[in-house]
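A.B. asks: I have a structure I would like to understand better, so I am pasting it below and will then ask my questions one at a time.
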Amino acid sequence: MRPFADRATLLSVAFSRASELSNDELHQAMAAHPRIGERRDGDAWSQAEQSGVDQSLGSRLASANERYEERFGHIYLVFASGRSGEELLAILEERLGNSPADELRIVNGELAKIALRRLEQLVV
């Protein structure tokens, strides 16, 4: 875990840094993530994180994703682990009321949570 003294320090620094991404960095990170409800071959992380998404929500999620992308110009990104598809859809609907600047900051926080969870799984 060099240069960090221990796992807790590593995770703390990683979360802090991930929470302070530039807008360009956020857009690059979002480009690598599938939409909520989509499956990409070879993307085991996202598939596991979205395992609570019921595929019967497909058309509703697709429609909501489209509205979100039209409003904000990027995909809907949310920490999906342990959440149901209905819950993720409700969060999306609620976030449609945000300003673009506020939403980008929320996305940064969600992305930081995703990165931290993945890092936690790698450094046992």
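A.B. asks: Taking region 92-117 only, how many residues are more than 29 Å from Leu10 (Cβ to Cβ) and either assigned to a loop (DSSP other than H, G, I, E, B) or not acidic (Asp, Glu) (or both)?
C.D. replies: Number satisfying all stated conditions: 8.
A.B. asks: Check Val53, Val78 and return the single one that is of a type in the set (Val, Ile, Thr) and at pLDDT 85 or above.
C.D. replies: Details: Val53 fails: at pLDDT 85 or above.
It is Val78.
A.B. asks: Could I ask something else about it? Got a number for residues in region 1-20 being at pLDDT below 90 and either closer than 12 Å to Val107 by Cβ or in contact with a Leu (Cβ under 7 Å, 6 or more places away or on another chain) (or both)?
C.D. replies: Looking only at that region, the number is 5.
The values are calculated or read from the model by the stated rules, or taken from the named source; none is laboratory data. Only a predicted model underlies this, so the values are computations on that prediction, with no experimental measurement involved. Counting neighbours? That spans all protein chains shown, and the Cβs are built from the backbone with ideal geometry, glycine included.
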